[in-house]
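Since the structure comes first, as structure tokens, the remarks are kept for the end.
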Amino acid sequence: MTALLPAAILVAQLMLGLAMACATFRVLRGPRAQDRVLGLDTLYVNGMLLMLTFGMRFGSTHYFEAALVIGLLGFVSTTALAKFLMRGEVIE
Amino acid sequence: MTPLEQLPIWAALPAALLVVVGAAMALIGSVGLLRLRSFYERVHAPTLATSMGMACVLLASMIVFSVLQTRLVLHELLIAFFMIVTTPVTLMLLARAALYRDRTEESDQVPLLSTPSGSPEAEMAAPDGAEAVEER
Amino acid sequence: MRRLLPYPVIWACLLLLWVLLNESLSPGSLLLGALVALFACWGLALLRPPASRLRQPAVAMRLLGMVLADIFRSNIAVARIILSPQQHGRRAGFVSISLELRDPNGLAVLACILTAAPGTAWVDFDSAEGTLLLHILDLVDKESWIGIVKNRYERPLMEIFQ
């Protein structure tokens, strides 16, 4: 067919890159620690979606595994950071 | 000629639509992270990316790979299941951590510890005083 | 049977996840997946999670459909709030609701529903008194939100889990 889908994926990747920039800005700006952690969590989710669009673009399922790992790491790191904010230590 | 351009129109059109809508939802969620004023408002923003944004992109990916490989590719459901289970946990923990920190600092933006329901403290809205919290 | 396979539903779900991850239905991968799921179920039994029975699958399916529709609708509502030019006219705030649901699994499902839907966020729950603290992005009418949570979500969950 035409180049409809590649163009759509390119647009989506640009939007996701912009979304990651917004999340990074929130990480850098703060103002408080919980805002930074929230920004980091959003950054992870957007990065995961970007990986999936890359997989579609190159027709390779290897990016799927990368996306799964990013999702796992994002969950673990955000949970650990939230726990740290609440108690001052991760493992009690 | 990339493999993507050989995709028939009946698969390419919904996939293109879904991927753009999903990315747009993720972008709106991240913009909300910048625009909303207090932390408790910003907690709502990432759920846009993790609910509809994720669902649309995963559906598009499932359509593309199923047609490209001429078999049913469903392993994107794994990511969907995983995100559905984990996102509420992270956001809830983060909200509780923020509440705990605000309460120990005795911020007036959050309701006090164990208010009986219906008392005036329970509906502490923060329309204009949010900047005061931001400065800390 | 119950001693050999303590959680049949969780076992089946784990096996399904294994098959999805491997993308094959060959006997070897099915057997390996069944074994891994069995060991995971035994490990789970050692942790003794609070047990509750899933009653009324019809109500559960109806709740699932309703929740998906609500998530779709609130996605669009929150996107509109974020993109609206003036941010100062809107009221966001906390609402505390006293719940009658006591089953821990039911409460976990309620927390997932409320957090997954944009616009509502579960902030804190006092398990001694059963009061839930919610943050709502667009708090127009407090009473209507309490009604939504109690009638739309809590009542079917109580039917399912208690």
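Points to keep in mind about this one:
- Rg(Cα)/(2.2 N^0.38 Å) for the stretch B:3-110, N = residue count: 1.41
- For C:ARG155 and B:TRP10, the FRET efficiency from 1/(1 + (r/R0)^6), where r spans their Cβ atoms and R0 equals 56 Å, is about 0.85.
- Summing Cβ point charges (Lys, Arg +1; Asp, Glu -1) relative to the Cα centre of chain A gives a dipole of roughly 240 debye.
- Sorted peptide list for A:23-31, C:90-98, criterion being average Cβ within 10 angstrom, highest first: C:90-98, A:23-31
- Percent accessible area from carbon and sulfur atoms, the protein assembly as shown, protein chains only, probe 1.4 Å: 69 percent
- The reciprocal of the average 1/r between distinct C-alpha atoms defines the Kirkwood hydrodynamic radius, which for the stretch C:8-47 equals 10.1 Å.
- Separation of the C:VAL36 and C:SER98 label points, Cα + 7 Å toward Cβ, nm: 4.8 nm
- Among the residues of C:20-27, the average count of other protein chain beta-carbon atoms within 10 Å of the residue beta-carbon is 2.
- Sum of side-chain charges, B:ILE63 neighbourhood, beta-carbon under 15 Å (Lys, Arg +1; Asp, Glu -1): +1
- Applying 0.36 nm per residue to the separation of C:ARG48 and C:GLN86 and subtracting their alpha-carbon distance, the gain on full extension is 8.6 nm.
- Shown for chain A is the translational diffusion coefficient from the Stokes-Einstein equation, using the Kirkwood radius over Cα pairs, a temperature of 4 °C and a viscosity of 1.567 mPa s: 89 µm²/s.
- Normalised radius of gyration (Cα atoms, divided by 2.2 N^0.38 Å) for the protein assembly as shown: 1.02.
- Applying 1/(1 + (r/R0)^6) with r as the Cβ-Cβ distance of B:PHE81 and C:GLU129 and R0 = 45 angstrom yields a FRET efficiency of 0.85.
- For C:GLY93, the residues whose amide H sits under 5 Å from its own are C:ILE136, C:LEU139, ignoring neighbours fewer than 5 places away on the same chain, with H placed 1.01 Å from N.
- In the B-A interface, the accessible area buried, summed over both sides, Å² (probe 1.4 Å): 4900 Å²
- Debye log10 I(q)/I(0) at q = 0.12, 0.17, 0.19 Å⁻¹ for chain C, Cα point scatterers: -0.71, -1.07, -1.19
- Buried accessible surface for the B/C chain pair comes to about 3700 Å², total over both chains, computed with a 1.4 Å probe.
- Solvent-accessible surface of the stretch C:57-161, averaged per residue with a 1.4 angstrom probe and all protein chains in place: 45 square angstrom.
- Neighbourhood charge, 15 Å Cβ-Cβ cut-off, centred on C:PRO104 and excluding it, Lys, Arg +1 and Asp, Glu -1: -1
- Chain C, helix-only ellipticity at 222 nm - DSSP H runs n ≥ 4, -39,500 (n - 2.57), divided by all residues, nearest 500: -18000 deg cm²/dmol
- In order along the stretch B:25-32, phi translates into HN-Hα couplings of 5, 5, 5, 4, x, 6, 5, x Hz, rounded to whole numbers, per the Karplus curve 6.51 cos²θ - 1.76 cosθ + 1.60 with θ = phi - 60° and x for Gly and Pro.
- Charge sum, other residues only, whose C-beta stays under 12 Å from A:ALA23's C-beta, Lys/Arg counted +1 and Asp/Glu -1: +2
- Counting, for every residue in C:110-120, the Cβ atoms of other protein chains within 10 Å of its Cβ and taking the mean gives 5.
- Sequentially through the stretch C:132-148, phi angles give Karplus couplings (6.51, -1.76, 1.60; θ = phi - 60°) of 10, 10, 10, 10, 10, 6, 10, 8, 7, 10, 5, 5, 5, 5, 4, x, 4 Hz, Gly and Pro residues having no value and appearing as x.
The values are calculated or read from the model by the stated rules, or taken from the named source; none is laboratory data. Since the structure is predicted, the reported quantities are computational estimates derived from the model, not experimental observations. Quick reminder, even Gly has a Cβ in these numbers, built from the backbone with ideal geometry, and neighbours come from all protein chains shown. Just the protein is used for accessible areas: all its heavy atoms, side chains included, with ligands, DNA and RNA removed. Shrake-Rupley method; radii C 1.70, N 1.55, O 1.52, S 1.80 Å.
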